[in-house]
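Shown next, in structure tokens, is the structure this report addresses.
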Amino acid sequence: MQTVLSIAIDALAYGMVLFVISIGLSVTMGLMRVVNLAHGAFAMIGGYIASYAARDLGLAYGFAVLLAIFGTIVIAVPIERLLYRRIYGAPELTQVLMTIGITFCIIGIANYVFGPTLKTVPLPSELQGSVDLGFRAIATHRIFAILCGLAVAAGLWYAIEKTAFGVKLRASVDNAAMAAALGVRTEIVYAVSFAVAVGLAAFGGVVGAELLPVEPYYALRYMVTFLVVVSVGGAGSIPGALVACLLLGAIDTTGRYLMPEFGEFFFYLAVIAIICVFPRGLAGRAKG
Amino acid sequence: MTMTTTNDLIATAPARRRFGGGDLAGLAVILLVAVLGYFLFPNNLALLTRIIAAALLVLSLDLVTGYCGVATLGHAALFGAGAYAAGIASAHYGINDPLAMLAFGIVAGAVAGLICGFVILRAHGLPQLVLSIALIHLFHEFANKASSWTGGSDGLSGIAPTALLGLYEFDLWGRTAYVFGVALLAVVFVLLRLIVRSPFGMLCRGIKEDPVRVRSMGASPKIALTKMYVISGAVAGVGGALNAISTQVVGLDSLSFTMSAESLVMLVLGGTGSLFGALTGTVVFMFFEDVVSAANPFHWLTMVGALLIAVVLFAPKGIYGTAAAFVARRKEAQ
């Protein structure tokens with residue numbers, strides 16, 4: 001029973017971190033139809049900035065998180081303007097090559113600037129230790145990660161379903177040309193959602209630094225995981241991504257707990273099985 | 001209207017000369033470069049043999065990516081399968097004849113190709129890509145865990161190929177391995193040239209352009225692509241076996257994501273959809289890698305990344321494709 005509970009909590013926390021990082025990827029992929037392999041690299045940049053701010057500059061955790069989000073957006077927006085814009089609508093192979101090139105560059109630069117060692121983001125005292133729920137003590141950080149995930153999910157749901165921007169965003173996802181013809185400035189929608197996606201990636205990278213440790217090869221190591229979430233959930237679908245994250249988080253964590261030596265193996269096997277059964281993702285629609 | 005053009009394409013293909021003068025010239029260029037390499041870098045034949053093994057992998061990738069339009073980041077699975085099969089045959093079963101090891105590599109590569117093709121061809125677009133990445137990780141994990149067979153992360157050692165044809169020992173300088181590699185590359189090149197020009201090859205190109213139309217013509221895209229995947233696996237298996245025979249060790253890196261990604265980089269650098277493009281890209285990339293990583297291993301990844309971005313932005317057809325287009329334009333102008 002104890003094991004089941006700790007697996008459940010860890011799986012939930014891990015799934016939520018995955019969700020925060022990959023939801024941005026899912027939205028941009030649904031919107032711009034770009035296979036963005038560099039998304040994990042942006043999460044990694046966020047982790048590095050937060051680590052630098054909190055450890056070397058001694059800033060408070062909250063400031064470090066904000067700095068990481070804005071710093072990453074500042075780095076990513078020029079990349080979008082200069083490189084990504086050229087591959088909107090290009091064949092997948094071109095997009096893969098461009099974004100994997102960007103990933104390699106970021107890894108190389110991170111390795112050069114920060115060195116190959118693991119970086120930690122020191123937690124404030126409120127998030128250390130554990131909370132006693134009466135029958136079981138749970139690490140506070142896990143609860144924090146889960147709450148962050150829920151907050152992001154709720155915030156995004158509100159922004160997409162209830163606001164004017166959300167209407168424009170959904171219109172652009174469904175049919176960009178028609179939305180543009182009706183007066184939606186898709187350029188701005190693209191830019192804003194790319195910035196939000198990158199910001200969320202950075203936020204997830206910082207919050208999840210305990211679960212997905214920040215190091216130069218972060219971007220490659222978890223690239224698959226993030227892409228898997230999107231393709232399992234179906235690009236552009238928030239509920240799909242949430243379900244996919246929880247499912248994959250559960251599979252991965254259970255595998256690690258029960259069969260540590262075969263954990264990864266079952267994770268990839270499950271991914272292949274899910275995609276073979278649902279080639280368009282759990283909540284996928286026919287591609288327009 | 002469009003139907004007739006597709007039919008023409010298939011009807012005229014066998015009528016054309018199967019192996020023309022251009023192909024002979026290409027073969028001559030390959031052999032010439034090989035001879036030049038032998039005399040220019042007599043102390044670095046191991047590198048040249050590695051380039052040939054990589055070239056076989058890239059040719060094999062070109063078959064599915066360039067000719068069939070399947071985007072995959074997991075092609076090293078086929079290469080690694082060939083390498084491990086040849087290595088295991090020698091290290092565990094005492095089958096040390098290089099040609100027999102080669103046969104094991106080809107069969108294992110083809111089987112891996114069948115499995116990968118079966119899985120990867122089930123989806124399109126992003127899910128296809130994710131499937132290919134998941135597959136290469138699955139192969140990698142499997143080889144890592146089955147360490148009693150594969151040696152795990154220590155690598156598979158104890159491979160001791162006997163003399164080639166009973167006559168030529170594999171010497172310390174790698175001369176035999178190099179000549180063996182060049183011979184394999186030449187044979188594979190001629191065979192692939194015939195395959196991509198055959199009606200079957202044309203069918204695969206047709207599938208890349210428009211699978212729906214091919215299906216409405218009565219051909220099954222899936223069966224054709226699976227066949228191509230098996231052929232591609234056999235070619236990659238040749239490369240893997242050559243690598244196992246020449247280096248006498250098989251490491252987990254031959255089944256890695258990085259290797260898959262690098263082979264794709266080489267292909268795109270040279271130019272997809274052309275066998276010469278695949279060869280050009282491999283040679284340029286491997287030499288570049290040798291020089292840069294010797295000078296500064298830290299910046300290697302950054303350089304590869306920058307190179308990739310530059311190719312996508314400025315030479316999307318790759319080196320060979322751009323050069324060929326340039327020559328064609330010059331001819332038209334005259």
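What follows draws every value from the coordinates through simple rules; no lab data is involved. On a predicted model such as this, the values are computed, not experimentally measured, just so you know. Here the Cβ positions follow ideal geometry from the backbone for every residue, glycine too, while neighbour counts run over all protein chains shown.
Remark: B:Ser198, B:Ser263 ranked as B:Ser198, B:Ser263, counting other beta-carbon atoms within 10 Å and listing the fewest first. Have a look at B:Ile115, A:Leu59, B:Ala278 and report the one farthest towards the positive end of the charge dipole of the protein assembly as shown, computed about the Cα centre with Cβ charges (Lys/Arg +1, Asp/Glu -1). Value: B:Ala278. Rounded to the nearest 20, the Cβ-based charge dipole of the protein assembly as shown about its Cα centre (Lys and Arg +1, Asp and Glu -1) stands at 1920 debye. Peptide B:266-278 is shielded by partner chain Cβ atoms: per residue, an average of 1 of them sit within 10 Å of its Cβ. I want the local charge near A:Ala145. Using Cβ-Cβ distances under 11 Å, sum +1 for each Lys or Arg and -1 for each Asp or Glu among the other residues. So the environment of A:Ala145 carries a net charge of -1.
How would region B:23-257 be classified by its alpha-carbon gyration tensor: rounded, prolate or oblate, with rounded meaning a/c under 1.5 and the a/b versus b/c comparison settling the rest? List each step's numbers first, then the result.
Working: a/c = 2.23, a/b = 1.34, b/c = 1.66.
Oblate shape, in that a/c is at least 1.5 and b/c is the bigger or equal ratio.
Across peptide A:89-100, the average count of Cβ atoms from other chains found within 10 Å of a residue's Cβ is 6. Ordered by the number of other Cβ atoms lying within 10 Å of each residue's own Cβ, fewest first, B:Ile195, A:Ile23 fall into the sequence B:Ile195, A:Ile23.
Would you tell me the mean number of C-beta atoms belonging to other protein chains that fall within 10 Å of each C-beta in B:68-79, as a whole number? All intermediate terms of the calculation are to be shown ahead of the outcome.
Numbers: counts 0, 3, 1, 8, 2, 6, 0, 0, 0, 0, 0, 0.
Neighbouring Cβ atoms belonging to other protein chains average 2 per residue here.
Taking other residues whose beta carbon is less than 15 angstrom from the beta carbon of B:Asn243, and scoring Lys, Arg as +1 and Asp, Glu as -1, yields -1. Taking the number of Cβ atoms within 10 Å of each Cβ as an exposure proxy, the fewest-first ranking of B:Leu129, A:Leu12, B:Leu24 is B:Leu24, A:Leu12, B:Leu129.
Beta carbons within 10 angstrom, averaged per residue: use that to sort the peptides B:209-219, B:241-251, highest first.
Working: B:209-219: 13.4, B:241-251: 26.0.
Final packing ranking: B:241-251, B:209-219.
Using the crude model of +1 on Lys and Arg Cβ and -1 on Asp and Glu Cβ, and no other charge, please compute the dipole size for region B:23-257 relative to its Cα centre, in debye to 20.
Values: 12 positive and 10 negative charges, 157 e Å.
Dipole of region B:23-257, to the nearest 20 debye: 760 debye.
With the helix formula -39500 (n - 2.57) applied to DSSP H stretches of n ≥ 4, the protein assembly as shown reaches a computed 222 nm mean residue ellipticity of -24500 deg cm²/dmol. Farthest toward the positive end of the dipole of the protein assembly as shown, out of A:Leu258, B:Leu131, B:Val249, is the Cα of B:Leu131, where the dipole comes from beta carbon charges about the Cα centre.
Would you work out if region A:91-237 is rounded, prolate or oblate? Take a ≥ b ≥ c from the square roots of the eigenvalues of the alpha-carbon gyration tensor; rounded if a/c is under 1.5, else prolate when a/b is larger than b/c, oblate otherwise. If you can, show how the numbers build up before the last one.
Values: a/c = 2.50, a/b = 1.33, b/c = 1.88.
The shape class here is oblate.
The distance linking region A:1-80 with region B:246-296 is 32 Å (Cα centroid to Cα centroid, whole angstrom). Across B:Ala295, B:Ala177, B:Ala83, mean-square fluctuation computed from a Gaussian network of chain B (C-alpha pairs under 10 Å connected) peaks at B:Ala295. Simple rule: put +1 on each Lys or Arg Cβ and -1 on each Asp or Glu Cβ in region B:23-257, find the dipole, and look at B:Ala71, B:Ser153, B:Ala53; the Cα lying farthest toward the positive end is B:Ala71. Only Lys, Arg, Asp and Glu carry charge here, each on its Cβ (+1 for the first two, -1 for the last two); on that basis region B:182-254 has a dipole of about 360 debye about its Cα centre. A straight line joining the Cα centroids of region B:140-159 and region B:165-238 runs 28 Å. Highest mean first, the peptides B:57-69, A:150-162 sorted by other C-beta atoms within 10 Å per residue fall in the order B:57-69, A:150-162. For the protein assembly as shown, the direction-averaged projected area of the alpha-carbon convex hull comes to 31.6 nm².
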